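Undergrad: Starting off with a structure, shown below.
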Amino acid sequence: MSLCHEERLYKFLHNNEWKESDTGEVIQIFSPDDKKVVGQVPAMSQLEVDQAIQDTANVQEDWAQQEVNDRAELLHRWADELEKMTDEIGEMIHLEVGKTLSSAKGEVKRTAELVRYTAEEGLRVAGGFMQGGSFPGGKNATKAIVDKVPHGVVLAISPFNYPVNLAAAKIAPALITGNTVIFKPATQGAISGLLMIKALVKAGLPQSVLNTVTGRGSVIGDYVVQHEKIDMISFTGGTDTGQHIAQKASMIPVVLELGGKDPAIVLEDADLKKAAKEIVSGALSYSGQRCTAIKRVIVMDSVADELASLIKEEVDSLTVGKASESANITPMINEKSAQFVVNLIEDAKSKGASVISEGVRDGNLLGATVLDNVTEDMDVAWEEQFGPVIPIMRINSEFEAIRLEKQNKYGLQASIFTKDIENAFAIAEKLHVGTVQINGKTSRGPDHFPFLGVKQSGLGVQGIGRSIDSMLRDKVTVLNFS
Ligand code: NAP
Ligand code: G3H
């Protein structure tokens, strides 16, 4: 595939056949980089979605009966095919969601590694054995075999910003554990997701073990989520969507990885140069469109001037332009998202924030803005910007940093920059987040680490081993010897 845009229709996968919707309805996908059409995906009807789910449910028991080694082999072959398709899929990620080509290809390679590790880790799943005699009044003649069994049909819903990696991070653990999968990609990112599934079909996906569902989440989402044959949902996306899904899905397990407002807490004894570098790369890579982006800096007032000027220096060295030019700051996913960030900046300015570096806007391309003296009455202190703006809040004690973190509705990750590791641990213990990074930017990887959000940042845990756990439930068989 060359890097040209085309009007091509990318079909959905139904029982290993690529199909168009009977309705003839399609959704056009425009590149955020230059607004040209990248391709089209079918807007499936409820009837087609229902058929996809029913067929996937029908083969689940057979799939679960297969040897786990065979399922692991499939995942290894999938990883191989993904690697072979790195250029094709990477180029599509680049066009479809506006990542630079190297970052897009990097996403595909990271995904192949994640799939391989998942295949290996899936081989180590083990249940347990318990004796009744260890409970008061119980007898050793009563023995429980605790097996680990799949939920059934897993619904995997992914966001636009990692259209391949965050989809595979759900699909691979679901498949290795004997679940079948309905994959609903983000509409912006759907073509990349479908190409990733093309690699899975090439690897030998058995018929109906995974079917894809394309169409707007706002149109078909509730129908899929509430379908009686869906047994578990693994979702990554915005907090509002996640909360909506959790309310609609009743009596089935749900894993939610949602938004964040990760703070970088910088103490007086921090290596400020290193902190500034980590903050800028953590806040602005992919123009801040990462759940784990650093979304506010909380710094001791005595070192705030120096840190702010180091941050400004770093930010001013970044290039702003198109993803096709490999710029550092590239167009946001759409104009609405850019406008949301601009509104946050304007609100902060009107309430007295000082602008130490101002990004210029051209449609959905927004240069990076650094705001100092951000105070608690400003929306940017609390809202997830998901874009290229660094708000700096000044504090006079570590207690204030802890309070500001705790007060926020999100709780994904936090960074602490200090040379006093003992103190870093003491602060880390008090923060209400899933992960604390000491002297490093917030980020998800390595992908086998547990990854979770607390408060409104999520429910349940991902990361390869934990994702596998989330795809299984206990099944207890009790032997009653006389
Ligand atoms: P989003 O708008 O919430 O969409 C996420 C997914 O949900 C898409 O596939 C979307 O489909 C689908 N969806 C929308 N409405 C639905 C419904 N009623 N039922 C079922 N599915 C529905 O999020 P996004 O804009 O793609 O991603 C940005 C957000 O995700 C940010 O808040 C970011 O922090 C968060 N995120 C979190 C993590 C994490 O691991 N914590 C990782 C990445 C992103 P359509 O595209 O068709 O609407
Ligand atoms: O956008 C959310 C992703 O989970 C972030 O992953 O920290 O590897 O960029 P990352």
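The values are calculated or read from the model by the stated rules, or taken from the named source; none is laboratory data. Keep in mind it's a predicted model, so treat the numbers as computed, not measured. FYI the Cβ positions are ideal-geometry reconstructions off the backbone, even for glycines, and counts take in every protein chain you see. Just so you know, the surface numbers come from the protein's heavy atoms only, side chains and all, with ligands and any DNA or RNA stripped out. Shrake-Rupley method; radii C 1.70, N 1.55, O 1.52, S 1.80 Å.
Undergrad: Name the long-range amide H neighbours of residue 366: under 5 Å, sequence gap of 5 or more, or other chain; modelled H, no Pro or chain starts.
TA: Answer set, sorted by chain and number: 332.
Undergrad: Another question, if that's okay. First compute the accessible area of the stretch 339-410 with a 1.4 Å probe, then give the percent of it belonging to carbon and sulfur atoms.
TA: That fraction is 49 percent.
Undergrad: Would you calculate a helix-derived [θ] at 222 nm for the chain, using -39,500 (n - 2.57) for each DSSP H run of n ≥ 4 and dividing by the full residue count, to the nearest 500?
TA: Calculated from helices alone, the mean residue ellipticity at 222 nm is -12000 deg cm²/dmol.
Undergrad: Rounded to the nearest Å, what's the spacing between the alpha carbon centres of the stretch 179-194 and the stretch 284-335? Just the number, please.
TA: 30 Å
Undergrad: Something else about it: Mind giving me the nanometre distance, one decimal, between the label points for residue 325 and residue 102, set 7 Å out from Cα along Cα→Cβ?
TA: It is 1.7 nm.
Undergrad: Which entries in 273/441; 273/312; 455/475 show an alpha-carbon gap greater than 18 Å?
TA: 455/475, as the Cα separations exceed 18 Å there.
Undergrad: Give me the accessible area per residue for the stretch 165-232, probe 1.4 Å, as a whole number in Å².
TA: Heavy-atom SASA per residue in the stretch 165-232 reads 23 Å².
Undergrad: Dipole of the chain, Cα-centred, from +1 at each Lys and Arg C-beta and -1 at each Asp and Glu C-beta, to the nearest 20 debye?
TA: That gives a dipole near 820 debye.
Undergrad: Semi-axes of the chain's equivalent ellipsoid from the Cα gyration tensor, sqrt of 5 times each eigenvalue, largest first, rounded to whole Å?
TA: 39, 30, 19
Undergrad: In whole angstrom, how far apart do the alpha carbon centroids of the stretch 9-32 and the stretch 354-378 sit?
TA: 39 Å
Undergrad: If the label point is 7 Å along Cα→Cβ of residue 8, which residues in the stretch 14-38 have backbone nitrogen under 14 Å from it?
TA: Taking a point 7 Å out along Cα→Cβ of residue 8, the residues of the stretch 14-38 whose backbone N falls under 14 Å are 38.
Undergrad: What whole-number value in Å² describes the accessible area per residue of the stretch 34-163 for a 1.4 Å probe?
TA: Spelled out: the 1.4 Å probe surface of the stretch 34-163, per residue, equals 44 Å².
Undergrad: Give the cross-link partners of residue 248 among the lysines, using a straight C-alpha distance below 18 Å as the criterion and excluding same-chain residues fewer than 8 apart.
TA: 184, 229
Undergrad: Could you give the accessible area per residue of the stretch 262-451, probe 1.4 Å, as a whole number in Å²?
TA: 40 Å²
Undergrad: Can you give the relative contact order of the chain as a percent, counting alpha carbon pairs under 8 Å and 6+ residues apart?
TA: Over the chain, the number comes to 17 percent.
Undergrad: Looking at the stretch 262-451, I'd like the Rg to Rh ratio, where Rg is from alpha-carbon atoms and Rh is Kirkwood's inverse mean 1/r.
TA: 0.94
Undergrad: Okay, next question. For the stretch 75-80, just list the computed ³J(HN,Hα) in residue order, Karplus coefficients 6.51, -1.76 and 1.60, θ = phi - 60°, integers in Hz, with x standing in for Gly and Pro.
TA: Once θ is set to phi - 60°, the couplings for the stretch 75-80 become 5, 4, 5, 4, 4, 4 Hz.
Undergrad: Hey, quick one: spin label on residue 64, modelled 7 Å out along Cα-Cβ, who in the stretch 174-193 has an amide N within reach, i.e. under 19 Å?
TA: Once the point is set 7 Å along Cα→Cβ of residue 64, 174-183 turn out to lie under 19 Å by backbone N, inside the stretch 174-193.
Undergrad: Can you spot the lysines whose alpha carbon is less than 21 Å from residue 322's alpha carbon? Ignore those fewer than 8 places along the same chain.
TA: Candidates past the 8-residue exclusion: 35, 36, 99, 105, 336.
Undergrad: Working from Cα positions, state the angle (0 to 90°, nearest 10) between the long axis of helix 421-430 and the longest principal axis of the chain.
TA: On a 0 to 90 degree scale, this one is about 70.
Undergrad: Shape verdict for the stretch 350-471, please, from the Cα gyration tensor: rounded (a/c under 1.5), prolate (a/b greater than b/c) or oblate.
TA: oblate
Undergrad: Also: From the phi angles alone, apply the Karplus equation (6.51, -1.76, 1.60; θ = phi - 60°) to the stretch 469-476 and give each ³J(HN,Hα) in whole Hz, x where the residue is Gly or Pro.
TA: 3, 5, 8, 10, 10, 6, 10, 9
Undergrad: Would you please give the residues with an amide H less than 5 Å from that of residue 15, counting only those at least 5 places away or on a separate chain, with H modeled from the backbone geometry?
TA: The answer is 208.
Undergrad: Taking amide H atoms as placed 1.01 Å from N in the peptide plane, list the residues 5 or more away in sequence, or in a different chain, whose amide H sits under 5 Å from that of residue 38.
TA: Under 5 Å from the amide H of residue 38 lie the amide H atoms of 29, 30, 31, each far enough along the sequence or on another chain.
Undergrad: Roughly how many percent of the accessible protein surface of the stretch 1-87 is carbon and sulfur, given a 1.4 Å probe and a whole-percent answer?
TA: 41 percent
Undergrad: Next question. Nearest 10 degrees is fine. How inclined is helix 101-122 to the longest principal axis of the chain, computing both from alpha carbons?
TA: Helix 101-122 sits at roughly 40 degrees to that axis.
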